[in-house]
Structures are given as structure tokens and as C-alpha cells.
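Written below as C-alpha cells is the structure these notes are about.
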Number of protein chains: 2
Amino acid sequence: MEFQEYFPIWDKLNTAQQNKLLGNLIAKTVRKGTVIHNGSMGCTGLLLVKTGQLRAYILSDEGREITLYRLFDRDICLFSASCILRSIQFDVTIETEKDTELWVIPSEVYQSIMAESALLANYTNELMASRFSDVMWLMEQIMWKSLDRRVAAFLLEEASIESTNRLKITHEIIANHLGSHREVITRMLRYFQNEGMVRLSRGTIEITDADRLAELSEM
Amino acid sequence: MEFQEYFPIWDKLNTAQQNKLLGNLIAKTVRKGTVIHNGSMGCTGLLLVKTGQLRAYILSDEGREITLYRLFDRDICLFSASCILRSIQFDVTIETEKDTELWVIPSEVYQSIMAESALLANYTNELMASRFSDVMWLMEQIMWKSLDRRVAAFLLEEASIESTNRLKITHEIIANHLGSHREVITRMLRYFQNEGMVRLSRGTIEITDADRLAELSEM
């Protein structure tokens, strides 16, 4: 399976555009836990995930984090190439959450094709709209949902991504994902444990009543 | 001054595209305080503001609001035509904050030109990136700034928009803008008054120390 099969609108590009993309691609394998893009790195390029998992997050001056969205196989990361759109006035950090194989499409290559191809420009619009929707969803969670619901939703999402009810994750990491503090998350998880929804042990959170967590997350 | 002079990339469209836009425009004058778009209205079309002021906000199930951004003269509202991008999975409400003259560009007209014009598609990308940046800024405010700083920033922004230090605005409206509660805002404003930064009277908030408010808002 090669780039051609992963890039979503490959068949709709003309031969010159296809050759330009192929001739400038960089294939990379990146270890879990590596920051592959942040604001100070300038324009890293678009990232097309072959296999693995990326996390996009923002960082406050004090080092607090909040996860904006995750990218999985076949997803394209646009904001690592934010220089191609001068109206993007924010920085995201992109980190691998699993060992990841990906292709880097240099920004100026993508931009030059987008400038002449209405198809690629419209596809890019859809990409951005999709991330925008992720961020709006998150904003609504933050604004309207209380933390108990957000923690419940987070645990269920993790269990779904990892296909297990035994999550190997620290309270600190959950706090970073949700823009909260470790102490606050620990208190919440103990409450969940008292309610019989999870069982806590060193480095592990086991979901023992997914139905009730789901109910809580949707309240 | 007509549409041609307000539409940002008019000169770069071809004659057929220009005629299609002009032939399908709807000019409207809308009274202050009118909801001109919300999720249940479907696809209203793109809005180009000639004069006036629009506010885009989201609404929780319980009726709480939070302002996402404002649109002024020459700004284009894209999310009132969210049907043109299938990846947009959220609803915003658009309301006039002043008497407003605007043009409505029907969604299908804009979409058909965007499908063939890389220029218009790229311009639309910039539009969306710009709103995305507004929302990311807001998210950072909500996540990292405490409410006192947000209220201070809000008062200064209002004063700048209205070109006055005597704001005619209720505590309820400020609460709606910031996704907070009236009681919380009233408490904060009384604190500001005690600190000599504002003077409160019925229906009016007078800014008496803009420098200190500015300092607070940037902390």
C-alpha cells in the first residue's frame, strides 16, 4: 500500500500534480511520544498518517495542555503546515501517541498545487471544516459539560481507541488532555471508583461499569 | 458603493462568475436584534456585511450562549452557509447587533463557483482559517484565563467597538457573551467598582480606569 492509495483525492489530480507530490514526499517512521510539530518549528508540512496515532493539542504559558483532536490511519494533518494559510493565527503541537509511519508533504508543494487546483483547495476546505468541527465539539464540552461528564467521556473514548477496558494511563495525562489538574482528576476518579464505575490501581484504570459511564457522559 | 466593491476577490473572478453572483444576490436591511441564521434554518447563504454588526454564537440546550466572533463592514459570514461544506458538524446562530445592511449570496451559487475556481476555494479557506483562529483564541481565553481577565477584556472590546467608555449593557448580556451567569458577572463588576476600574449605574457600566482593566486583561 503506497501513498497513492492513502491520499484521498489522488485520482482526481492530473499527472503533473501527482508527479510533483510523489517527487517531493518524505516518508518517516516516528517513535511514540515524539513532538513532530510545534509553533516554534515553523512550517513542518502536511502529515499523512499511514499507521499510528497523532495528538494535536494547545499549550498554555504555564505548560497546561488540552487535546484538540487525534489523527489516525489515513488522516491528514493540516495545521503542521499552517504557513500555507496566512489567516491561521494559532499554534498547535503535534505529538505521536503510538509509533507512527507517515508521509510529510512539503508545504510549498501542497500550496502550489492548491493554488491551481479547485479540487485540492475544496478538499482542503473540507479538511479544515472537519477539524473546526472537532474543536467546536470540544468547546461545547468545555462550556456546557461539567468535568465529571468530560472525564467519563474521555475514559470511554480511550477504551474504544485501545480496545480494552484496562487503561494504562496516569491521572496526570488525563488532566493534560482535559486542561485540568492532576489532583482534580484523582478526586473525580475516586468518586467514580466509589460509585463502582472504575477500579483504580497503580498506573491502571479499569472500567467496571461502562454503561453507567456512558450514561453520565451523555447527561 | 456596490457589491463589486465589497466582495474581496471580485476582480479575480471571470465575467461568467461575476454575472452569476450579481444575478443571484439578495440585498437586505435587517433590524438590530434579529436572528438571521440558526441551525434549524438550514442553509441561509453567505452573508456579506455592507454596514452594521453581526454576532455569531453557540447556544447550549439550557439556553446559555457564548459569543464566538463578531462581523463588521466588509466581513463575510461563511457558517450561515455551512451546507456547502459537508464536514461542518456544528451550528452557529447569527444575530444582528446593530441595524445591518447586507447581501445574501445563495449557497448553491457560491458553491458552484467555488467548485470551478481555485481562487474562490482558496479565498474560502482563508475565511474559514480566520474564523478558526477567532475560535481558538476564545478557547485559550476560556481554558487559561480566569473570568476576571475575560470580563476586563470584554469591557474594553465593547468600549472600542462602541467608541465610548459609557457602555449601555446589562450584566445578563455580558454573562451570555462569556458563557457565565448573571450573578457571577455582577459580583465581578462590583469587585471592579470597588477597585475603581468601573462605575455601575442602572443599565450602564462606565469604564473609569481603562489602563488598569487593560493590565488585568493581559495578565
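The values are calculated or read from the model by the stated rules, or taken from the named source; none is laboratory data. Remember, predicted model here, so these are calculated numbers, not experimental data. We place every Cβ from the backbone using ideal geometry, glycine too, and count neighbours over all the protein chains shown. Surface accessibility is based on the protein's heavy atoms, side chains included, excluding ligands, DNA and RNA. Shrake-Rupley method; radii C 1.70, N 1.55, O 1.52, S 1.80 Å.
Miscellaneous remarks
- Tally, over the range B:157-172, of residues that are within 16 Å of the chain's Cα centre (by Cα) and surrounded by fewer than 17 Cβ atoms within 10 Å (Cβ to Cβ): 4
- Conditions (1) more than 18 Å from residue A:140 (Cα to Cα); (2) more than 14 Å from chain A (Cβ to nearest Cβ): number failed by residue B:94: (1)
- Residue B:87 vs. criteria away from chain A (no Cβ under 12 Å), among the hydroxyl-bearing types (Ser, Thr, Tyr) and farther than 25 Å from residue B:150 by Cα: no
- Strands (runs of 3 or more DSSP E) contained entirely in the range B:13-68, each with at least 3 residues that are modelled with pLDDT under 95: B:54-59
- Near pairs, Cβ below 7 angstrom, 6+ apart or cross-chain, from the range A:110-126 (more than 7 Å from chain B (Cβ to nearest Cβ)) to any residue that is surrounded by fewer than 20 Cβ atoms within 10 Å (Cβ to Cβ) and assigned to a helix (DSSP H, G or I): A:113/A:17; A:113/A:20; A:119/A:12
- Scan of the range B:44-61 for residues that are within 14 Å of another protein chain (Cβ to nearest Cβ) and open to solvent by 40 Å² or more (accessible area, probe 1.4 Å), ordered by number: B:59, B:61
- Among the residues listed as A:64, A:86, A:70, the single one being among the charged types (D, E, K, R), open to solvent by 10 Å² or more (accessible area, probe 1.4 Å) and touching a strand residue (DSSP E or B) at 6+ places or on another chain (Cβ under 7 Å): A:70
- Of all residues in the range A:73-101, exactly one satisfies the criterion of being of a type in the set (Gly, Ala, Ser) and assigned to a loop (DSSP other than H, G, I, E, B), namely A:87.
- Residue-level check: of (1) open to solvent by less than 20 Å² (accessible area, probe 1.4 Å); (2) more than 15 Å from the chain's Cα centre (by Cα); (3) within 12 Å of chain B (Cβ to nearest Cβ); (4) of a type outside the set (Val, Ile, Thr), residue A:79 misses just (2).
- Count of residues meeting criterion [of a type in the set (A, V, I, L, M, F, W, C), open to solvent by 40 Å² or more (accessible area, probe 1.4 Å) and either touching a Leu at 6+ places or on another chain (Cβ under 9 Å) or under 24 Å from residue B:112 (Cβ atoms) (or both)] in the range B:1-24: 2
- Filter result for residue B:127 (within 24 Å of residue A:86 (Cα to Cα) and within 15 Å of the chain's Cα centre (by Cα)): yes
- Residues of the range A:188-217 satisfying the condition of being farther than 15 Å from residue A:167 by Cα and touching a residue at least 12 places away in the same chain (Cβ under 8 Å): A:188, A:191, A:195, A:196, A:212, A:214, A:216, A:217
- Sole residue being β-branched (Val, Ile, Thr) and buried (at least 16 other Cβ atoms within 10 Å of the Cβ), chosen from A:184, A:198: A:198
- All of B:34, B:67 fail the test of being farther than 26 Å from residue A:138 by Cβ and not hydrophobic (A, V, I, L, M, F, W, C), apart from B:34.
- Selected residue (criterion: nearest to the chain's Cα centre (by Cα)) from residues of the range B:62-71 that are within 14 Å of chain A (Cβ to nearest Cβ) and either of a type in the set (Asp, Glu) or under 30 Å from residue B:2 (Cβ atoms) (or both): B:69
- Applying the condition of being open to solvent by 10 Å² or more (accessible area, probe 1.4 Å) and among the aromatic types (Phe, Trp, Tyr) to the range B:127-153 and asking which residue is farthest from the other protein chains (Cβ to nearest Cβ) yields B:137.
- Summed over the range B:110-121, the residues that are surrounded by 18 or more Cβ atoms within 10 Å (Cβ to Cβ) and in a helix (DSSP H, G or I) give a count of 8.
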